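Structure first, commentary second.
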């Protein structure tokens, strides 16, 4: 029991409150997934905190420092691909933040900004080439707390298409995406677009295990803010 309590405390220490990170593309489908069961996947990915230039414009670095915090961050995410038949799949995902924030000074239990995603994709394969268009909905919040890059909440919709070339134990391809997001930061509202391209490799490790690597970039546009580029990196895996 003490060991379990200690592990829980360590996990809570990592889940420090932060404004939600925008992880895109939301739906990556390089393989069809299990035809008779749910395909789980989890890992770490990077993306922008869209609320950062609204919350703290004096700290916003834009293209001068694309890796600077809080405008760019790492978040963990997990998703499930549920087969609906005929190549159609339901995507359900969750994300949480990694990092530290000012809230720890006033709150003994750090609370993460988090997000939920849901949408549909259609998988098609022609020989050794696959195409999987998807439409996803996103909602995320840090509960209005004074967190790094926040407080802020977000609602968004994103369209993407996974294009893959299949080899014996691997699939490599690209995933272009484009999303529109409505930001609620304190008493202010703003709309941001985030579009780009991710390069993806899906590698079969045997016994149903796999790992996916992503890299790429995207461009954020928001009224009153100079557009900025966002580096994309990720590693995910599943059984």
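All of the numbers you see were taken from the coordinates with simple rules; none came from a lab. Please read all numbers here as calculations on a predicted model, not as lab measurements. Here the Cβ is made from the backbone with ideal geometry for all residues, glycine too, and neighbour counts use every protein chain on show.
Overview of values
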item	result
Nearest-0.05 FRET efficiency for residue 58 and residue 199, computed from C-beta distance (R0 25 Å)	0.15
Relative contact order (%) - criterion: Cα under 8 Å, at least six apart; region: region 193-239	38 percent
Likely footprinting exposure, 136, 26, 222, fewest C-beta neighbours within 10 Å first	222, 136, 26
Residues 178, 167, sorted so that the one with the fewest Cβ neighbours within 10 Å comes first	167, 178
Residue order, fewest to most surrounding Cβ atoms within 10 angstrom, among 64, 45, 221	64, 221, 45
Cα-projected label distance for residue 125 with residue 67, points at 7 Å along beta-carbon direction, nm	3.7 nm
Approximate spin-label separation residue 211-residue 229, in nm, with each point projected 7 Å along Cα-to-Cβ	2.7 nm
Largest-first principal axis extents, alpha carbons of region 185-239, Å	50, 22, 11
